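Trainee: Let me begin by handing over the structure; questions about it come next.
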Amino acid sequence: MAHIIVTGNEKGGSGKSTTCMHVATALARMGWRVGALDLDVRQKSFGRYLENRRAFAAREGLDLPTPEYRDLPEIDEASLPAGENIFDHRLSAAVAGLDAQCDFILIDCPGSHTRLSQVAHSLADTLVTPLNDSFIDFDLLARTDPETGRVLGPSIYAEMVWNARQLRARAGLKPIDWIVLRNRLGAQQMHNKKKVGDALANLSRRIGFRVSPGFSERVIFRELFPRGLTLLDLKDVGVEGLSLSNVAARQELRDLVKELRLPNVTVAF
């Protein structure tokens, strides 16, 4: 069975699609068979990223390692058994279509609470939650006392992950490995960064996730999207002498893939 990696966060703008694309492409470059699904049926940022990649590779005559992307299949609701949810069926059919031919399946969830997102979280072997490094986004995980900063309890999103874990336990599946990714770490605001880091470390012990540094705020990520490229493709498209910023970004990606601790994956890029 394919190992399923889900990127989930109910707030937009946290870097889910960028994270998903870079992890998926890194695995493909290492020779793994990778499938890809985008559950944001309106924006489809991950799907569009991969579409841009295929178009750019065809236009430039390049053979870029690319995940196998699938849209969710259309299902005639009238054909479903009574009581079966059409979104459950569409996602199950998409995963089943990729499972036999892929080692890993990357699923990008929308920045909102949807039925598709709920189901995807219950399918996750590895759950990656990118988080902008601020207390505004920390609220996604937990409610805190505004005066003391003390954690009062888990957020709705954290409760959804808990429910997904319970579903997997009842089905006899292995537990979700949940990683919270500190994205857009800035060089400044060291005091705030430390406070957020301390709060995440405390919360991680309470609700069971691992904390990992993600991607710093860099212009390069916005420049790569229109051509469907990632940090690992720059030499393939003729970029020589990478800037220090690009070299640092590649190291961040290398560290992230290592931190995912995926089965049988030795990072080689």
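The values are calculated or read from the model by the stated rules, or taken from the named source; none is laboratory data. For clarity, every value in this text was computed on a predicted model and none was experimentally measured. Note: ideal-geometry Cβ built from the backbone for every residue, glycine included; neighbour counts use all protein chains shown.
Trainee: State which residue is nearest to Ala169 (Cα to Cα) when the search covers only region 105-137 and only residues that are of a type in the set (D, E, K, R) and either modelled with pLDDT under 95 or exposed (fewer than 15 other Cβ atoms within 10 Å of the Cβ) (or both).
Mentor: Applying the filter and picking the extreme gives Arg115.
Trainee: Quick check on Leu224: is it without any contact (Cβ under 8 Å) to a residue 60 or more places away in the chain, among the aliphatic types (A, V, I, L, M), part of a loop (DSSP other than H, G, I, E, B) and farther than 20 Å from Trp32 by Cα? Break it down into steps so the answer makes sense when it comes.
Mentor: Details: without any contact (Cβ under 8 Å) to a residue 60 or more places away in the chain: yes; among the aliphatic types (A, V, I, L, M): yes; part of a loop (DSSP other than H, G, I, E, B): no; farther than 20 Å from Trp32 by Cα: yes.
Criteria not met by Leu224.
Trainee: Checking the condition in contact (Cβ under 8 Å) with a residue 24 or more places away in the chain, surrounded by fewer than 14 Cβ atoms within 10 Å (Cβ to Cβ) and closer than 21 Å to Glu252 by Cα, which residue from Gly31, Gly13, Gly8 passes?
Mentor: Values: Gly31 fails: in contact (Cβ under 8 Å) with a residue 24 or more places away in the chain; Gly8 fails: surrounded by fewer than 14 Cβ atoms within 10 Å (Cβ to Cβ).
Exactly one of Gly31, Gly13, Gly8 is in contact (Cβ under 8 Å) with a residue 24 or more places away in the chain, surrounded by fewer than 14 Cβ atoms within 10 Å (Cβ to Cβ) and closer than 21 Å to Glu252 by Cα, namely Gly13.
Trainee: Go through region 207-221 and give me each residue that's part of a loop (DSSP other than H, G, I, E, B) and among the small types (Gly, Ala, Ser).
Mentor: Filtering region 207-221 down to residues part of a loop (DSSP other than H, G, I, E, B) leaves 208-209, 214-215, 217-218.
Selection gives Gly208, Gly214.
Trainee: Can you confirm whether region 239-249 contains a residue that is closer than 30 Å to Tyr157 by Cα and not aromatic (Phe, Trp, Tyr)?
Mentor: Looking only at region 239-249, we keep the residues that are closer than 30 Å to Tyr157 by Cα, and these are 249.
From what's left, not aromatic (Phe, Trp, Tyr): 249.
Checked against the condition, which is being closer than 30 Å to Tyr157 by Cα and not aromatic (Phe, Trp, Tyr), region 239-249 yields at least one hit.
Trainee: Residue under question is Arg115, and the condition is that it be closer than 21 Å to Arg48 by Cβ, touching a residue at least 12 places away in the same chain (Cβ under 8 Å) and among the basic types (Lys, Arg); does it hold?
Mentor: no
Trainee: Okay, moving on. List the pairs whose first member sits in region 248-267 and is touching a residue at least 24 places away in the same chain (Cβ under 8 Å), whose second member is assigned to a helix (DSSP H, G or I), and whose Cβ atoms are under 6 Å apart, counting only residues at least 6 apart or on separate chains?
Mentor: Final answer for the pair search is Ala249/Leu231; Leu253/His22; Leu253/Leu231; Val257/Ala26; Val267/Arg254; Val267/Val257; Val267/Lys258.
Trainee: So, one more: Tell me which residues, restricted to region 34-70, are over 15 Å from Cys109 (Cβ atoms), under 17 Å from the mean Cα position of the chain (by Cα) and not in a helix (DSSP H, G or I).
Mentor: Result: Val34, Gly35, Thr66, Pro67, Glu68, Tyr69, Arg70.
Trainee: Being crowded, with 18+ Cβ neighbours inside 10 Å, over 17 Å from the mean Cα position of the chain (by Cα) and modelled with pLDDT of 95 or more: is that true of Cys102 here? Working first, answer last.
Mentor: Numbers: crowded, with 18+ Cβ neighbours inside 10 Å: yes; over 17 Å from the mean Cα position of the chain (by Cα): yes; modelled with pLDDT of 95 or more: yes.
The answer is yes for Cys102.
Trainee: Test Ile86 against the criterion of being of a type outside the set (S, T, N, Q), at pLDDT 90 or above and under 24 Å from Leu37 (Cα atoms), and give yes or no. Outline the logic, then answer.
Mentor: Details: of a type outside the set (S, T, N, Q): yes; at pLDDT 90 or above: no; under 24 Å from Leu37 (Cα atoms): yes.
Against the criterion (of a type outside the set (S, T, N, Q), at pLDDT 90 or above and under 24 Å from Leu37 (Cα atoms)), Ile86 does not qualify.
Trainee: Shifting gears a bit: Scan Leu242, Leu200, Leu173, Leu167 and give me the residue that is buried (at least 17 other Cβ atoms within 10 Å of the Cβ) and among the aliphatic types (A, V, I, L, M). Don't jump to the end; show me each part of the working.
Mentor: Details: Leu242 fails: buried (at least 17 other Cβ atoms within 10 Å of the Cβ); Leu173 fails: buried (at least 17 other Cβ atoms within 10 Å of the Cβ); Leu167 fails: buried (at least 17 other Cβ atoms within 10 Å of the Cβ).
Answer to the check: Leu200.
Trainee: Here is a follow-up. Limited to region 138-189, what total is found for residues that are modelled with pLDDT under 85, within 19 Å of the chain's Cα centre (by Cα) and not in a loop (DSSP other than H, G, I, E, B)?
Mentor: 1
Trainee: Follow-up question, since we're still on this one. Only residues in region 145-171 that are closer than 20 Å to Ala199 by Cβ count as the first member; pair them with residues that are in a loop (DSSP other than H, G, I, E, B) and polar (S, T, N, Q), Cβ under 9 angstrom, at least 6 apart or cross-chain, and list the lot.
Mentor: Short answer, once both residue conditions are applied: Tyr157/Asn9.
Trainee: Which is of a type in the set (A, V, I, L, M, F, W, C) and either at pLDDT below 95 or crowded, with 23+ Cβ neighbours inside 10 Å (or both), of Ala36, Ala2, Ala57? If you could, list the steps in order and put the result at the bottom.
Mentor: On the way: Ala2 fails: either at pLDDT below 95 or crowded, with 23+ Cβ neighbours inside 10 Å (or both); Ala57 fails: either at pLDDT below 95 or crowded, with 23+ Cβ neighbours inside 10 Å (or both).
Unique residue meeting the criteria: Ala36.
Trainee: Consider only pairs whose beta carbons are under 8 Å apart and that are at least six residues apart or on different chains; among these, list those whose first residue lies in region 81-92 and is surrounded by fewer than 17 Cβ atoms within 10 Å (Cβ to Cβ) and whose second residue is outside any helix (DSSP H, G or I).
Mentor: Ile86/Ile75; Ile86/Leu80
Trainee: Among the candidates Gly238, Gly228, Gly208, single out the residue that is over 22 Å from the mean Cα position of the chain (by Cα), at positive phi and not hydrophobic (A, V, I, L, M, F, W, C). Can you show your working first?
Mentor: Working: Gly228 fails: over 22 Å from the mean Cα position of the chain (by Cα); Gly208 fails: over 22 Å from the mean Cα position of the chain (by Cα).
Exactly one of Gly238, Gly228, Gly208 is over 22 Å from the mean Cα position of the chain (by Cα), at positive phi and not hydrophobic (A, V, I, L, M, F, W, C), namely Gly238.
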